[in-house]
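FYI, it's all coordinate maths here, none of it is from the lab. A quick note: this is a predicted structure, and the numbers were derived from the prediction, not measured. Every residue, glycine as well, gets a Cβ built from its backbone with ideal geometry; the counts of neighbours run over all protein chains shown.
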């Protein structure tokens, strides 16, 4: 009887069930690789640029206020021209921002970064809050030829230190400059 059990065990082991072999190592999750706690406004804007470049939703959303850690709500003020074409922009909130970003990932070519260039910084610091204003150029490679590849304008970020002592965007105002499509128009088109 012992011989039968030993033979059965040997047959099981040799049948290829790989109980005694090691498996391939899994690739670690590196989604937050270039994300740093936003202990300064500069790190906050670096995180925002990197989240677009790396196309990581979690990092992107971490740039915005979270009511669990702050008394301030998120407010987005779209460029005035864009609201006429995209009425949903008038009721924009964090869930809208998340949906837009998910749709942006689908609408752009894989493995080609989205580049946010912030220029001509004007800032006003007030201790635990600040206002940063930039001219911006947002460059992407869309899958659909109906989407523009470049968006330009002027934006104003109202940022605050939350209860975690991290800087977050609470209010975002987008202004049209010239004839270029704005970031608001991209949001409206992809929502």
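Some observations on this one:
- Projected label distance in nm at residue 148 and residue 95, using a 7 Å step from Cα toward the beta-carbon: 3.0 nm
- Inter-centroid distance (Cα atoms) of the range 87-117 relative to the range 45-81, Å: 11 Å
- Sorted from greatest to least, the principal axis extents spanned by the alpha carbons of the range 55-153 come out as 44, 31, 30 Å.
- Efficiency of FRET from Cβ geometry, residue 40 and residue 61, R₀ 25 Å, rounded to 0.05: 0.80
- With a simple spin-label model that places each label point 7 Å from the Cα along the Cα-to-Cβ direction, the separation between residue 80 and residue 106 comes to 3.4 nm.
- Take the convex hull of the alpha carbons in the range 135-191; its mean projected area over all directions comes to 5.0 nm².
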